[in-house]
Amino acid sequence: MAKLIMTLDGAIIREFMVDKDSISVGRKHGNDGNDIQLNDLTVSGRHALITVSNEKIFVDDLGSTNGTLLNGGRVSKSVLQHRDVVQIGNYQFTYFENEDEDYEPTMFLRAEIEDTQILQANPPKSTDAKGEPLAAVKILNGPLKTKVLELRKPFNTLGFNGIKMAMIARTADGYSISSIKNTKLRRSNDIPSVNGTQIESDTHALKDHDIIELVGTQMEFFYIH
């Protein structure tokens with residue numbers, strides 16, 4: 001039986017079996033509520049459905065305000081593949097075709113729904129990026145290898161095992177990455193790097209085909225042409 005692992009910043013919150021034809025996800029609770037109820041103001045009352053049809057499992061956005069993301073890109077309805085990551089509000093759901101497979105804490109990339117950030121003393125300023133080229137990152141190794149995650153939101157957080165470690169910002173001037181200071185980071189390789197050079201304090205502008213590395217996970221930054 002298929003299952004969904006719900007996580008917040010890579011930390012496991014709960015596991016859900018896909019054991020019926022339709023599973024609703026949203027903020028609304030009570031007798032008329034959702035099968036999966038999320039106490040998150042960025043989640044709509046009736047946000048999305050996980051449906052089973054013709055032996056395939058789909059994620060279906062229900063016209064939500066902030067949208068439903070699949071592997072970092074906004075979707076209206078799409079079939080789920082093994083290890084796909086669905087983001088609803090600030091929560092992520094990793095889809096597994098086999099209930100016996102364990103979730104391994106890995107690098108996560110979360111699109112920040114709200115533009116306001118309090119992660120850094122001087123975060124990069126977001127400006128209107130409408131009309132600018134869209135970029136993405138492709139995971140090059142590890143459990144998420146070959147996944148492509150679009151960077152549509154003004155802020156996109158990277159981290160590992162529940163710890164936020166870096167942020168990719170999208171502005172009218174392009175994309176940049178900056179390190180997020182965290183007292184839980186102890187090892188030298190906890191600091192993200194671009195093309196082998198660690199980024200400790202300054203914001204680093206990203207160029208097409210740059211290689212970002214975070215706790216052993218490598219990803220290629222590229223523009224979608």
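The values are calculated or read from the model by the stated rules, or taken from the named source; none is laboratory data. As the structure is a prediction and not an experimental result, all values here were calculated from the model. All Cβ positions, glycine included, derive from the backbone under ideal geometry; neighbour counts span all protein chains shown. Accessible surface is based on the protein model in full, side chains and every heavy atom, while ligands, DNA and RNA are left aside. Shrake-Rupley method; radii C 1.70, N 1.55, O 1.52, S 1.80 Å.
Using a simple spin-label model with points 7 Å from Cα along the Cα→Cβ vector, what separation in nm is obtained for Glu101 and Lys181?
4.0 nm
On full extension of the chain, what length is gained from Glu220 through Asp19, given 0.36 nm per residue of separation minus the C-alpha to C-alpha distance?
Numbers: separation 201, 0.36 × 201 = 72.36 nm, distance 3.64 nm.
Length difference between fully extended and current span is 68.7 nm.
Tell me the carbon and sulfur percent of the accessible area for segment 1-89, rounded to whole percent, probe radius 1.4 Å. Walk me through the numbers on the way to the answer.
Numbers: 1920 of 4310 Å².
Roughly 44 percent, rounded to a whole number.
How much accessible area per residue does segment 7-106 have, counting only protein heavy atoms and a probe of 1.4 Å, in square angstrom? Please report the intermediate quantities before stating the final value.
Values: 5050 Å² over 100 residues.
Computed with neighbouring chains in place, this is 50 Å² per residue.
Kindly flag which residue pairs out of Lys3/Lys147; Lys28/Lys145; Lys28/Lys138; Lys20/Lys77; Lys77/Lys145; Lys56/Lys164 have an alpha-carbon separation exceeding 28 Å in this structure. It would help to have the intermediate numbers written out before the result.
On the way: Lys3/Lys147 19 Å; Lys28/Lys145 35 Å; Lys28/Lys138 35 Å; Lys20/Lys77 18 Å; Lys77/Lys145 23 Å; Lys56/Lys164 33 Å.
The pairs that break the limit, which is 28 Å between Cα atoms, are Lys28/Lys145; Lys28/Lys138; Lys56/Lys164.
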